[in-house]
Amino acid sequence: MSVVKGSVLSAEAERELASRYVAGDRAVYRQVDSWIKQVTSLSTWHFVADTEDIASIVQLKLFTNLQARKFRGESTFRTYVQRIARYTCIDEVRKQRVQRDADRRALPVPAPSEVPDELQEKREEYEVFLKIFRAIGSECQRLWRMIFSESLTYKEIGEYLGIPEGTVKRKVHECKKTAIDLKEKLL
């Protein structure tokens, strides 16, 4: 079986592709490397670290997951690889982020010399944020504090809460969707 761009493989064939990667098949390795680079080379990430370092981390995570038989073929192997790459990039960006305190008293106060329209717009945005934050529920608030105030990674949050990293990612995604829905209702 060879890696053919654009081909649709069965779940069994996708698992076989993963097995070939673990076994060291060079063609599969090169294909996986190109899938990872498609994600890590996006300008969205604004890495301080070299993308090759990030790609190495992704390769290590992928190899570890595949050895532990975590890939079940429910998605394509490419999707699985690129999800690991995307979440690794997110974790790396978070590691590089400067810690911020979400305490209301610590938020910057606009200078009195600012244009009145801009000042009012900022107040309205802040009020919308507070309404959304209060409405998303305590679990989402707790997750957001861990992510944005404490700058914890998904893995660290999972360890702290005693749940798998994938569950943390799903919950954060659900919280984000809830917040977006609330914002649309408020605006």
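The values are calculated or read from the model by the stated rules, or taken from the named source; none is laboratory data. Just so it is clear, the structure is predicted and the values come from calculations on it, not from any experiment. Virtual Cβ from ideal backbone geometry, glycine too; neighbours counted across all protein chains shown.
Taken as a whole, the condition of being part of a helix (DSSP H, G or I) and under 19 Å from R86 (Cβ atoms) does not apply to K185. Taking the stated definitions as given, is R170 part of a helix (DSSP H, G or I), of a type outside the set (A, V, I, L, M) and modelled with pLDDT under 85? So R170 fails the test.
E139 meets the conditions (1) farther than 25 Å from K95 by Cβ; (2) loosely packed, with under 13 Cβ neighbours inside 10 Å in every case but one. The failed one is (1).
For residues in the range 160-179 being of a type in the set (A, V, I, L, M, F, W, C) and closer than 26 Å to Y80 by Cβ, which is surrounded by the fewest Cβ atoms within 10 Å (Cβ to Cβ)?
I163
Among (1) out of contact with any Lys or Arg (no Cβ under 9 Å at 6 or more places or on another chain); (2) modelled with pLDDT of 80 or more, where does Q120 come up short? It fails just one condition, (2).
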